[in-house]
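Peer 1: Got a structure for you, written out below as structure tokens; questions coming shortly.
The values are calculated or read from the model by the stated rules, or taken from the named source; none is laboratory data. Since the structure is predicted, the reported quantities are computational estimates derived from the model, not experimental observations. Heads up, the Cβs are rebuilt from the backbone with ideal geometry, glycines too, and the neighbour counts pull from every protein chain shown. The area values use the complete protein model at the heavy-atom level, side chains included, leaving out ligands, DNA and RNA. Shrake-Rupley method; radii C 1.70, N 1.55, O 1.52, S 1.80 Å.
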Amino acid sequence: MNSPLSLYLASKSPRRREILLQLGFSPIVVASNAHTLRNFQGDEVQLPGESPQDYVVRIAKEKALIAFEKLRRENQPVLPLLSADTTVIIDDLILGKPDDESQAKAFLRRLSGRSHEVRTAVCVGTEPDNLKLAVSVSKVRFKTLSEDEISAYVRLAEPYDKAGGYGIQGLAGAFICDIQGSYSGIMGLPVFETCELLKSFGLDLFTGESPLK
């Protein structure tokens with residue numbers, strides 16, 4: 001039986017699920033490709049000429065629409081559905097999940113000693129026609145990294161399932177000397193925007209009530 005704060009989560013990210021659980025929500029994961037967290041052929045490909053803002057919004061919406069179709073086919077009950085996408089941007093380039101160790105190193109060298117932007121788009125709705133969306137924009141500055149630090153980091157599993165090839169909540173937090181914006185947004189799910197969107201669909205943390213129960 002679903003709890004009053006149950007929702008569908010159209011994301012394979014364990015970090016998004018953990019954030020929702022910590023807040024008190026009960027996420028039910030319905031993401032496709034949940035068997036792999038790493039980059040794969042055709043995963044979240046930027047279209048020619050597409051801006052980072054348009055890209056992150058499009059991917060978040062696409063995740064929601066795919067999940068709605070899956071729920072419809074399985075005749076699942078109606079609950080609010082949340083999807084999200086996080087993008088790391090530097091030099092007008094989108095840094096996605098690195099394909100391999102060589103690309104992970106290249107990402108870190110580009111980020112070293114500089115600031116970059118992290119955008120996370122969040123979509124919430126109960127059907128494809130009523131999706132609401134918010135975008136969190138943050139700035140992150142890396143210290144200057146040594147080649148030893150870069151080599152040690154890319155030998156971990158941590159870089160390969162994350163946009164930009166790093167996770168602020170992991171060992172890469174030691175690389176970050178300044179942030180402006182949402183820490184949770186940089187992790188992949190901005191808490192403020194997420195709670196506001198879910199509240200607009202009846203999932204209120206402070207009342208624990210949903211009109212869909």
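Peer 1: Among the residues of the range 156-173, is there at least one that is of a type outside the set (S, T, Y) and farther than 24 Å from S11 by Cα?
Peer 2: Step one: list which residues in the range 156-173 are of a type outside the set (S, T, Y), which gives 156-159, 161-165, 167-173.
Narrowing further to those that are farther than 24 Å from S11 by Cα: none.
No, that holds for no residue.
Peer 1: Continuing with the same structure: Looking at (1) in contact with a Ser or Thr (Cβ under 8 Å, 6 or more places away or on another chain); (2) under 30 Å from S146 (Cβ atoms); (3) in a loop (DSSP other than H, G, I, E, B), which is the only condition I94 fails?
Peer 2: Checking I94 against (1) in contact with a Ser or Thr (Cβ under 8 Å, 6 or more places away or on another chain); (2) under 30 Å from S146 (Cβ atoms); (3) in a loop (DSSP other than H, G, I, E, B), the one that fails is (3).
Peer 1: For the range 200-208, indicate whether the set of residues that are of a type outside the set (V, I, T), in contact with a Lys or Arg (Cβ under 9 Å, 6 or more places away or on another chain) and assigned to a helix (DSSP H, G or I) is non-empty.
Peer 2: For the range 200-208, residues of a type outside the set (V, I, T), in contact with a Lys or Arg (Cβ under 9 Å, 6 or more places away or on another chain) and assigned to a helix (DSSP H, G or I): present.
Peer 1: Give the range 185-201 a look and list any residue that's open to solvent by 20 Å² or more (accessible area, probe 1.4 Å) and among the small types (G, A, S), or say none.
Peer 2: Scanning the range 185-201 gives a single hit, S200.
Peer 1: Between a first residue in the range 85-105 that is among the acidic types (D, E) and a second residue that is open to solvent by 50 Å² or more (accessible area, probe 1.4 Å) and modelled with pLDDT of 95 or more, which pairs have beta carbons less than 8 Å apart while being 6 or more apart in sequence or on different chains?
Peer 2: Listed by first residue and then by second, the contacts come to D91/R110; E101/R155.
Peer 1: Same structure again: Of the numbered conditions (1) open to solvent by 10 Å² or more (accessible area, probe 1.4 Å); (2) aliphatic (A, V, I, L, M); (3) over 24 Å from K63 (Cα atoms), V140 satisfies every one except a single condition; which is it?
Peer 2: Here V140 clears every test but (1).
Peer 1: Of the residues D161, D129, which is open to solvent by 20 Å² or more (accessible area, probe 1.4 Å) and modelled with pLDDT under 95? Outline the logic, then answer.
Peer 2: Details: D129 fails: modelled with pLDDT under 95.
One residue alone meets the criteria, D161.
Peer 1: List the pairs whose first member sits in the range 112-123 and is more than 11 Å from V57 (Cβ to Cβ) and modelled with pLDDT of 95 or more, whose second member is part of a strand (DSSP E or B) and of a type in the set (S, T, Y), and whose Cβ atoms are under 6 Å apart, counting only residues at least 6 apart or on separate chains?
Peer 2: Pairs that qualify, where the first residue is more than 11 Å from V57 (Cβ to Cβ) and modelled with pLDDT of 95 or more and the partner is part of a strand (DSSP E or B) and of a type in the set (S, T, Y), are V118/S138.
Peer 1: Just to be sure I understand, how many residues within the range 6-43 are in contact with a Gly (Cβ under 6 Å, 6 or more places away or on another chain) and either in a strand (DSSP E or B) or modelled with pLDDT under 95 (or both)? If you could, list the steps in order and put the result at the bottom.
Peer 2: From the range 6-43, those in contact with a Gly (Cβ under 6 Å, 6 or more places away or on another chain) are 13, 15-16; that's our starting set.
Next, from what is left, pick out any that are either in a strand (DSSP E or B) or modelled with pLDDT under 95 (or both): 13, 15.
Residues flagged as in contact with a Gly (Cβ under 6 Å, 6 or more places away or on another chain) and either in a strand (DSSP E or B) or modelled with pLDDT under 95 (or both) within the range 6-43 amount to 2.
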